[in-house]
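Quick note: the coordinates plus some simple rules give every number you see, no bench work behind them. These figures come from a predicted structure and were not determined experimentally. Backbone-built Cβ (ideal geometry, glycine too); neighbour counts: all protein chains shown.
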Amino acid sequence: MPAHLLFLADTHVPKRARVLPDAVWDAVGRADVVFHAGDWVSEDLLDTLQLRAARLVGVYGNNDGEALRARLPQVARVQLEGIRFAMVHETGSARGREARADERFPDADVLIFGHSHIPWDSVSPRGMRLLNPGSPTDRRRQPFRTYLTAVAEAGRLREVELVKLPPA
C-alpha cells in the first residue's frame, strides 16, 4: 500500500514564523508519514506535529536547544515500503555532498536533510536520492518558501514534488 510522505525542515517556529502555513497543516493531514529534518526551535511545534501527524519522524538541528535534543536523535533511520530512509539536519557544503553522503549513509536509499533552506534533489554516485525540502517559513535567498511531498510504494520513491508556497 503506498505511503504518502511529507518532508519539512527549518521551520524555525516561532522565530522565523509564528506558525506553520495552513497549506503545510493541510499536507500534514494528508500524509501517512511526516519527516522533519531539524531546526524546529520550539518544543510546541514538535508536540503539535506529534498530535496531528499520523506518524512523525524527526531529528534535531543546530538551532534546536537541549529540550529538543533530549527528545530527538541527530540521525533518524526508518524503512517504509521497502525504502531505507536516513535523515540528518546538516550535510556540509554542496560541493561533494553526494560522495560524503554515500560514505556516511551506505545503508540508505534516500537521505533527507535541511540546514541550508535551499531545496535539493540529486542522486549520489551509488544511487542514493538526496532531498532537502527547503523551508516552509523562511525562504532566505530563495524565491519561494517550500516543502516536499512524495509517495513510497513497493521499493520506489515516486511523485517527488517541490511545493512552492505563496509569498507570506
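Side notes on the structure shown:
- Phi to ³J(HN,Hα) by Karplus 6.51 cos²θ - 1.76 cosθ + 1.60 over region 42-53, Hz, x for Gly, Pro: 10, 5, 4, 5, 4, 4, 5, 5, 4, 6, 8, 7
- Cβ-defined net charge surrounding residue 52, 12 Å radius [Lys, Arg +1; Asp, Glu -1]: 0
- Using C-alpha pairs under 8 Å with a sequence gap of at least 6, the mean separation divided by the residue count of the chain gives a relative contact order of 24 percent.
- The simple spin-label model puts a point 7 Å past each Cα toward its Cβ; for residue 48 and residue 159 those points are separated by 2.7 nm.
- The alpha-carbon atoms of the chain define a convex hull whose volume equals 104 cubic angstrom per residue.
- Between residue 26 and residue 84, the distance separating the two model label sites (each 7 Å from Cα on the Cα→Cβ line) works out to 3.7 nm.
- Leading residue at positive end of dipole, the chain (Cβ point charges), from 166, 127, 93: 93
- Overall, region 1-150 carries a charge dipole of about 320 debye about its Cα centre when +1 sits on the Cβ of Lys and Arg and -1 on the Cβ of Asp and Glu, all other atoms neutral.
- Antiparallel bridge percentage (DSSP; both residues within region 3-165; nearest 5): 60 percent
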